[in-house]
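The values are calculated or read from the model by the stated rules, or taken from the named source; none is laboratory data. Every value quoted in this text rests on a predicted model; they were computed, and no experiment measured them. Here the Cβ is made from the backbone with ideal geometry for all residues, glycine too, and neighbour counts use every protein chain on show. Only protein heavy atoms, including side chains, enter the accessible area calculation; ligands, DNA and RNA are left aside. Shrake-Rupley method; radii C 1.70, N 1.55, O 1.52, S 1.80 Å.
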Amino acid sequence: WFVYLPALVMFVVGLAFALWYATTGNQHHILLILSGLSALAGVLLFIPGWLKRFGTEIAVTDRRVIYKTGLVQRDTTEINMAKIESVDVNQSVLGRVFGFGTLTIRGTGETIEALRNIASPLQFRNAIMVR
């Protein structure tokens, strides 16, 4: 859900302008315009986050790890389980609080693949390493 944070912030800003407009005695129309623009910006920021989340598929099978991104232009990465040497997890402070992080899968032959902004990265790493 973290990809929706910029849109959520803009919706809250728009709501704040709308409440300010409603509570102001002389009804400044600029506040109503700012409220509408903030709501529109929230919708415009929601669309790329939704497309990114909708267009990403991650699967762990008994034979490989599959990572697909994109809707129109598709990028697929597959790594065989037998070729995986290690899986590293990097989490920032915000990542620890909100439960997301970056996984770096290291395979034989210097294969390094980074999976960014993965939800529950420790559980995902355990799912890969148990197999």
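General remarks:
- T104 vs. criteria in a strand (DSSP E or B), free of Cβ contacts under 8 Å to residues at least 60 places away in the same chain and open to solvent by less than 40 Å² (accessible area, probe 1.4 Å): yes
- Residues that are open to solvent by 100 Å² or more (accessible area, probe 1.4 Å) and of a type in the set (V, I, T) within segment 50-82 comprise just one, V72.
- Tally of residues being more than 17 Å from R64 (Cα to Cα) and open to solvent by 40 Å² or more (accessible area, probe 1.4 Å) across segment 111-131: 5
- Residue tally, condition more than 25 Å from Y4 (Cα to Cα) and free of Cβ contacts under 8 Å to residues at least 24 places away in the same chain, over segment 62-79: 3
- Entry remark, segment 18-49: residues being open to solvent by 50 Å² or more (accessible area, probe 1.4 Å) and farther than 17 Å from G70 by Cα number 18 in total.
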